[in-house]
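The values are calculated or read from the model by the stated rules, or taken from the named source; none is laboratory data. Bear in mind the structure is a predicted one, so any value in this text is a computation, not a measurement. Every residue, glycine as well, gets a Cβ built from its backbone with ideal geometry; the counts of neighbours run over all protein chains shown.
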Amino acid sequence: MEDSSGKAGCVAVIEDLDTAELRAHGLERGPDDLIRWRRDSPDHPRNWSSRRKGFDTTVIIFFRVFRHCSQHNRSKLRRIPSYRQRPVTDNIFVKAAVADPLRDEYSLGKRLSLVSITFMYNLGQAFGGLFIPPLSEIGGRRLPYLISCALFSLSCVVVAAIPHQSAIWIGRFIGGFASAVPAVVTAGSVEDLFNTRTRIWIVVLWNGGSTAGLCFGPVYAAYINAAHGWKWVYYSSAIVTAVTFLCLLGVQESRPSKILKAKIAKLRGCSKIHNLDWHNPDESPNMASLVNLVLIRPVHLLCTEPLVMMVTAISAISWGIIYFFTESLTKAYTSMGFSNTEASLPFLAMASGVLLTSLPRLWDMRVAKRRQAQHKPVQPEDKIVGFAFAAPALAVGLAWYAWTVPPAAPAGLPWIVPTLALAPVGFAVNEMAYTLSGYLADAYLLYAASAFCGLAFVRALVSGLMPLAALALHDALGANLAGTVVAGLALVFCGAPWVFFRYSRTLRQRSPFARFSLQSHLRTQIDRDNI
């Protein structure tokens, strides 16, 4: 009896020592005997200081915003005033106008010019969005940011410094490949750093800044081009992204599982804790596991998860609709007497629509507070009410614009009338991006980057093909009828939010992968979202 009691006492002492040492490292042993984070651990990204979070978030969001702002600029291939004034929405506005310059300078057909400018960029973005984000779940967030920033800067130099057609194809593909990283990995970084309530406003800033960057791109390009020529549009982008690269060196890794892995590896080397097993959702012990994480998992999500399929289809088609919409923008305003420079300015109205995104967020915050008062977790479906406003706003804005521009517009109709239509379009584009991307991040948690892969791949391909279809449609129907077709497509989406409200929660709860993602999240996070 004494030996038994003595052994039990020794075990208890050892367990107390283990607990104390784990507590000193911000860790604890869970009921399943696996090591996990303590809720008060200062090393967990959600417990970092406001200064640390602020710096990292600012640098990451700036990289994404500037990438959007300069994305259109990188398509300026000649000193042609009419071309530098094209409006911008994620490389949408370059298609028809750049066909003639490319045809003259490189002896290409108009459609081949569009392929080299638009499709190659989006093809690179599609593959970048498919392969790189899952690697952020294996190697962390920081390394993909550094690699993509360096590649983005390099692509600008390639296009500007090498006067050959091959430089356009290569530079555009590299730039598109690199641009996929901040577009989708940022969602994972935001989820790492902030709980559900805080993410509402961080993602608003992220999406709003990106949309505003798209709208301010022409102004940026016009001033640089007028002062120093088109090559300095590329060189300035390369310089800014090089400086951003230096700032990214100061950003810390935020993937909780990667940080936990490093802490446990350190404990194994310097402690006597008898059991340091932990749950690692990112483990890839062999090549087969790596292929599964990088390729099989995103494809599996895209092809078998109804929620991912729904969000991907809605996002790709709605974004593609904007490609149709932009075909006649510059022509419409120049036909109303605007100069080439002035013709780009009305699209700042699209940026003003981003401000309207704050209104649905007030409702989101109200729901979050009510959930907190009830001691219930905030559900992903609680934050998509803005989708119900964005869908009709897009249809109304497109129809409004289509029939207030020449030649169908009444004679003497002020230019402000079609310009005001751009505000609801800007709101709709930003709000749909916010709600749908936010929903995927909340529904798939640790695997948000993988969930975005299929969406990014499909949307990029659709975006690359839409200019070719838009060219044919506008040539055949003209600006007004083509705009009507686009508005009709947008009208179909007005019913999508209600379908989403009706079935998304059930689909998420039935999804084995969503449930597994939640379980993995609870094992590697500090679970602040349940309050």
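The figures follow:
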{"quantity": "Positions within the stretch 367-411 being over 27 Å from Ala514 (Cα atoms), not in a loop (DSSP other than H, G, I, E, B) and not aromatic (Phe, Trp, Tyr), in sequence order", "calculated": "Pro392, Ala393, Leu394, Ala395, Val396, Gly397, Leu398, Ala399, Ala402"}
{"quantity": "Unique residue being modelled with pLDDT of 85 or more and over 30 Å from Ser352 (Cα atoms) when the list is Arg78, Arg103, Arg51, Arg38", "calculated": "Arg38"}
{"quantity": "Looking only at the stretch 123-176, and only at residues there that are assigned to a loop (DSSP other than H, G, I, E, B) and free of Cβ contacts under 8 Å to residues at least 40 places away in the same chain, the one that is surrounded by the most Cβ atoms within 10 Å (Cβ to Cβ)", "calculated": "Ile162"}
{"quantity": "The listed residue being buried (at least 19 other Cβ atoms within 10 Å of the Cβ) and under 25 Å from Val157 (Cβ atoms), out of Arg46, Arg36, Arg64", "calculated": "Arg64"}
{"quantity": "When residues of the stretch 264-307 are limited to those that are of a type in the set (Asp, Glu) and surrounded by 14 or more Cβ atoms within 10 Å (Cβ to Cβ), the one modelled with the lowest pLDDT", "calculated": "Asp282"}
{"quantity": "Selection count where residues are over 29 Å from the mean Cα position of the chain (by Cα) and either within 30 Å of Ile296 (Cα to Cα) or surrounded by 21 or more Cβ atoms within 10 Å (Cβ to Cβ) (or both), scope the stretch 454-478", "calculated": "0"}
{"quantity": "Candidate set from the stretch 412-427 (those that are not in a helix (DSSP H, G or I) and not hydrophobic (A, V, I, L, M, F, W, C)); member that is nearest to Gly208 (Cα to Cα)", "calculated": "Pro414"}
{"quantity": "So Val405, is it free of Cβ contacts under 8 Å to residues at least 24 places away in the same chain, under 26 Å from Leu355 (Cβ atoms) and touching a Ser or Thr at 6+ places or on another chain (Cβ under 8 Å)", "calculated": "no"}
{"quantity": "Number of the condition not met by Thr241 [criteria: (1) under 22 Å from the mean Cα position of the chain (by Cα); (2) assigned to a loop (DSSP other than H, G, I, E, B); (3) modelled with pLDDT of 70 or more]", "calculated": "(2)"}
{"quantity": "Failed condition for Thr404, given (1) of a type in the set (S, T, N, Q); (2) surrounded by 22 or more Cβ atoms within 10 Å (Cβ to Cβ); (3) at pLDDT below 85", "calculated": "(3)"}
{"quantity": "Qualifying residues in the stretch 408-453 (those that are among the aromatic types (Phe, Trp, Tyr) and crowded, with 24+ Cβ neighbours inside 10 Å) - the one farthest from Pro144 (Cα to Cα)", "calculated": "Phe427"}
{"quantity": "Any hit, the stretch 377-394, residues being of a type in the set (Lys, Arg) and surrounded by fewer than 22 Cβ atoms within 10 Å (Cβ to Cβ)", "calculated": "no"}
